[in-house]
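Report on the following structure.
The values are calculated or read from the model by the stated rules, or taken from the named source; none is laboratory data. All of these numbers come straight from a predicted model, not from anything done at the bench. Reconstructed Cβ throughout: ideal geometry from the backbone, glycine too, with neighbour counts over all protein chains shown. With ligands, DNA and RNA removed, areas are computed over all heavy atoms of the protein, side chains included. Shrake-Rupley method; radii C 1.70, N 1.55, O 1.52, S 1.80 Å.
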Amino acid sequence: MTSPDTSLWPAEHRPIFTVPRLFARRSSNGKRTDVLDGVRPRFRGFALAAGVFLVAIFFLFQALFNQKVLIEQQSRVNSWFVAQTEIEYLNFVSALDLFALGDERLTKDALIDRFEIFWSRLPVLLTGQPTKPLRQVEGLVEAATGLVKSMETLEPILHRIKREDSKELAEFRRSVET
């Protein structure tokens, strides 16, 4: 192993840490001069470490921002799915209210269609690939499973309910909300 070239420094001020020739440059008279010539030798190591630290921080922030983008993309998919499920629930409840109020434009078939559309979102929530990260939210699977069971119970009631039976419609509405 060879020792570093210390011919650039006077004999009485040789530093403990030497900067490689990579940081040396030739001046116009042909002699090598150090880029860090104005910096005290004991601070050269600190300056080099600070530079490496700043470069490392830059790359770590780049990685952090890339992770942030990935998380935001995934959460948009989950938020979209939950929002669509809620929209279908609200559409069904709104249709149920219009049906109970006697709006002739809303037929029983349209009400059943709204119910089926809302209910069709729930199995995807429980088994779909896009919602896999969403299922890791504590209590979501249990709540969705309970909702599916309640929809299975409510479906036959919905098929036999009549527009004229306001008491049964109100009771059905309460069952839907719980």
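Only residues that are closer than 14 Å to ASN78 by Cβ and open to solvent by 60 Å² or more (accessible area, probe 1.4 Å) were counted in segment 128-144, giving 5. Per the conditions (1) open to solvent by less than 50 Å² (accessible area, probe 1.4 Å); (2) part of a helix (DSSP H, G or I); (3) within 30 Å of ALA144 (Cα to Cα); (4) not β-branched (Val, Ile, Thr), the sole criterion not satisfied by LEU106 is (2). When LEU147, LEU169, LEU125 are checked against the criterion of being at pLDDT below 85 and either assigned to a helix (DSSP H, G or I) or open to solvent by 40 Å² or more (accessible area, probe 1.4 Å) (or both), a single residue qualifies: LEU125.
For GLU86, the criteria (1) open to solvent by 90 Å² or more (accessible area, probe 1.4 Å); (2) closer than 30 Å to VAL148 by Cβ; (3) at pLDDT below 75 hold in every case but one, which is (3). If SER7 passes every condition in (1) at pLDDT below 90; (2) assigned to a helix (DSSP H, G or I) but one, which one does it miss? All conditions are met except number (2).
Sub-7 Å Cβ pairs linking a first residue in segment 157-172 that is free of Cβ contacts under 8 Å to residues at least 60 places away in the same chain to a second residue that is open to solvent by 40 Å² or more (accessible area, probe 1.4 Å), at least 6 apart or interchain, are ILE161/GLU168, ordered by first then second residue.
One residue is enough: does segment 110-117 have a residue meeting the conditions farther than 23 Å from ASP165 by Cβ, outside any helix (DSSP H, G or I) and open to solvent by 40 Å² or more (accessible area, probe 1.4 Å)?
no
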